[in-house]
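Okay, structure first, notes after.
The values are calculated or read from the model by the stated rules, or taken from the named source; none is laboratory data. Values in this document were obtained by computation on a predicted structure and should not be read as measured data. Note: ideal-geometry Cβ built from the backbone for every residue, glycine included; neighbour counts use all protein chains shown.
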Amino acid sequence: MHIAIDPSASEPIYEQIREGIATAILTAELAPGDALPSIRALARDLRVSVITTTRAYNELVADGLVDAVRGKGVFVRAQDGEELRRRAFQQIDEAFDHAARAARGVGIDDRELTRRLTQRLEEER
């Protein structure tokens, strides 16, 4: 699992970590029962504070994506297929909202935005 952190992004680092792990769960890169790295190990690997990784893990627990087992670690929770689909659509909609705002901000029209999305979809096939 690779988590990309951009310290210059407007999104807080804990949220970037949460999103990276959530994406890995939603795309089945992480399977139910898989253990996440310890909070300290992840903090060391990403070169962030333990407080930051703790907050990201707490958010994942609150989201219902993982379970924290005292003394054992944090594990991916089995997800209901329909719930996974709902969360994936929510994540997609948020990405679309972000892309649309960015496009509007620099004058990119709907046709160009649609063309670029179509191109990305074709590249993924």
Exercise. Of all residues in the stretch 12-28, how many are at pLDDT 95 or above and β-branched (V, I, T)?
Worked result: 3
Exercise. Only one of V48, V69 is surrounded by 12 or more Cβ atoms within 10 Å (Cβ to Cβ), assigned by TED's automatic domain parsing to the domain that holds T23 and more than 11 Å from G33 (Cα to Cα); which?
Worked result: V48
For this session: Quick one: in the stretch 7-45, of everything that is among the basic types (K, R) and over 8 Å from the mean Cα position of the chain (by Cα), which residue is surrounded by the fewest Cβ atoms within 10 Å (Cβ to Cβ)?
Result: R40
For this session: Select, from L84, L60, L65, the only residue that is under 18 Å from I3 (Cα atoms) and either among the small types (G, A, S) or at pLDDT below 95 (or both).
Result: L65
Problem set entry | Top-ranked residue of the stretch 87-115 - restricted to ones that are surrounded by 13 or more Cβ atoms within 10 Å (Cβ to Cβ) and more than 19 Å from P32 (Cα to Cα), ranked as modelled with the lowest pLDDT | Q91
Seminar exercise, completed: Only one of (1) in a helix (DSSP H, G or I); (2) among the hydrophobic types (A, V, I, L, M, F, W, C); (3) within 18 Å of P12 (Cα to Cα) does not apply to A41, and that is (3)
Seminar exercise, completed: Expected output for the stretch 96-125 (first residue farther than 22 Å from S10 by Cβ, partner of a type in the set (V, I, T), Cβ below 8 Å, 6+ apart or cross-chain) is none
Problem set entry | Filter result for P32 (in a loop (DSSP other than H, G, I, E, B) and either closer than 17 Å to E15 by Cα or of a type in the set (D, E) (or both)) | no
